[in-house]
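Please read the structure below before turning to the comments.
No lab work stands behind these numbers, since they all come straight from the coordinates. Computed from a predicted model, the values in this text were never measured in an experiment. Neighbour counts run over all protein chains shown; Cβ positions are idealised from the backbone, glycine included.
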Amino acid sequence: MDYVLYALLGLLGIVVLLLLIALVKTILMKKPVVKEEIKIDYSDALEYANKFKEMIKVKTISYDEETENGLPFQVLKTKMKDLFPFVFKTMEIKEFKGESLILKWKGKSQEKPIVLMSHIDVVPTVDNQWDYDPFGGEIVGDEIFGRGTLDTKSTVFAFYQACEELIKAGYVPDHDIYLASSTDEETSGFGASLTVDWLKENGVKAFLVVDEGGTVLSNALPSMTQPMAVVGILEKGYVDIKLTARSHGGHSSTPPKNTPIARLSKMICEIENHFPMKTKMIKEVETLFTNASYGMKGIFKYLFGNLWLFKGLLTKVLPKINPFGRALLSTTIAFTMMKGSDAENVIPAEAWVIANLRTHPIQGVDDSFKVIEKIAKKYDIKAEIISRRETSSIVDINNPGYKYLENIIKRVFPDAIVSPYVMLGGTDCRFYSEVSDAALRFSPVRMDNEELKKMHGNNESIKINALVEAKVFYQELIKNNK
């Protein structure tokens, strides 16, 4: 009996010792000091805002191949030629079907080209839900309002303005610079694919590609006192699964058991109540949490700063308390569409739902589909994939292109904690992994969570000073690529 007591006391002592080690480690944690910072002059902010609003005024809803609605993009490109005359006079221009565009600024060398990219199409708006004209580019206080201010005409403006000023000053880059903009990113179109094909045909292997993605976000995670600059190093996959239940139909006055909608509902409830997918904290997510912990306080700093001790606990708890935590650690499942009978008093002979899955690197499309299909069979439901794409390739954070981008972010945004990030949505950047080992997703724009919610929402806006910082970021990125 004494041996058992001694064993328990010994185990308790080990636990206390580990907790004390974690506490000491937490107390000693300090954010690394940035060696060199860039001083930013905001005196041109209003001038930039007035130039940028001209781009917002053009209603560039995503290009559609069936309707060939390319005219607004032609109007925008004409306007951009007026806004950035030195860019268009200096750079080689290549246009693609659907009005996507790439410009080449020839440098002194072709060894380490950089591709700066983002899209100029925007999603539609519900105008009567906005406080301002969504295509008016109205400047109110320190903000510009309009669709595309965040997603993502702002980054297009910033890298064009960066090049415009450098060219005007007589600067020639050490290496080739490419400016790419697609017109159908929001609809997962073909513009980026055509651009990448052209780059491959011309033998371009980019040292670095920078597309939209993570931002410089305040209050990114609980208790954070510093902004986080998150760089997307991979995108989750995407699959739509149609789940169909059939019966003989009938009149609603004499309903049988287990009608199609009832079976679908049971299946959905099982998936919602007993999450069936794998859960794992991959090293990229672990790095995100570890880096974030330097800007956290209290218990959050203690837990996330000591993943060597609490990784297992957090992996179990986070998905249960936070949808974002679930998305970082697992393939997610969302039921997004449903169809049954066309009449109120008719039991459908066929009913279906669409499950939209964002697949995680630990569980790809085929593996995720098998999980859903197995559950569906229990309820006599047919499962079929109607669209799919796998997760993108993962960029190594030790890659020279990533390290270079990280360094520039630290210089321009010295108060921010830089970290790799798993992109939960899709971008054009996934195509560019064919021409670069460092195809990364980062928008050099400061925002908070409230502003982030405006993407694709009402009253989308950007701070005027954020435009200045974004322009400086792109200039530093161009000038320091030696």
Please arrange PHE52, PHE289 by counting, for each residue, the other beta carbons lying within 10 Å of its beta carbon, fewest first. PHE289, PHE52
Using the number of other C-beta atoms within 10 angstrom as an exposure proxy, rank TYR379, TYR63 with the fewest first. TYR379, TYR63
Do you know the relative contact order of the chain, to the nearest whole percent, from alpha carbon pairs under 8 angstrom that are 6+ apart? 25 percent
Highest mean first, what order results for 173-181, 95-103, 341-349, 36-44 on Cβ atoms within 10 Å? 173-181, 95-103, 341-349, 36-44
Cross-link partners among lysines for LYS112, C-alpha distance below 20 Å, same-chain residues fewer than 8 apart left out? LYS104, LYS200, LYS205, LYS403, LYS479, LYS482
Sorted peptide list for 223-234, 248-259, criterion being average Cβ within 10 angstrom, highest first: 223-234, 248-259
Around SER223, under 10 Å between beta carbons, what's the net of Lys plus Arg minus Asp minus Glu among the other residues? +2
Rounded to whole angstrom, the alpha-carbon centroid of region 250-294 lies from that of region 342-375 at a distance of 10 Å
What list of ³J(HN,Hα) values in whole Hz, one per residue of region 330-342 in order, does the Karplus curve 6.51 cos²θ - 1.76 cosθ + 1.60 (θ = phi - 60°) give from phi, with Gly and Pro shown as x? 8, 5, 9, 10, 10, 8, 10, 9, 8, 9, x, 6, 8
antiparallel share of DSSP beta bridges within the chain, to nearest 5, in %, is 65 percent
For 141-150, 418-427, 296-305, ranked highest to lowest by mean beta-carbon neighbours within 10 Å, the order is 141-150, 418-427, 296-305
Below 12 Å, Cα to Cα, which aspartates and glutamates can LYS108 reach? Residues fewer than 8 away in the same chain don't count. ASP174, ASP176
Provide the per-residue ³J(HN,Hα) series for region 240-247, in order, calculated from phi with Karplus coefficients 6.51, -1.76, 1.60 and θ = phi - 60°, each as a whole number of Hz, with x at glycine and proline positions. 9, 10, 8, 10, 10, 10, 10, 7
Residue-by-residue Karplus 3J(HN,Hα) for region 197-209, coefficients 6.51, -1.76, 1.60, Hz, glycine and proline x: 4, 5, 4, 5, 4, 9, x, 7, 10, 6, 5, 7, 10
Name the GluC sites (Glu not before Pro) in region 346-430 that are in a loop by DSSP and that have at most 16 other C-beta atoms within 10 Å, would you? GLU390
Neighbour-count ranking for HIS274, HIS456 (other C-beta within 10 angstrom, fewest to most) reads HIS274, HIS456
Gyration tensor (alpha-carbon) shape descriptor, the chain, a/c threshold 1.5: oblate
Give the cross-link partners of LYS57 among the lysines, using a straight C-alpha distance below 22 Å as the criterion and excluding same-chain residues fewer than 8 apart. LYS77, LYS79, LYS81, LYS153, LYS453, LYS454, LYS463, LYS471
Using alpha-carbon positions, what is the distance between the centroids of region 386-404 and region 20-88, in Å? 22 Å
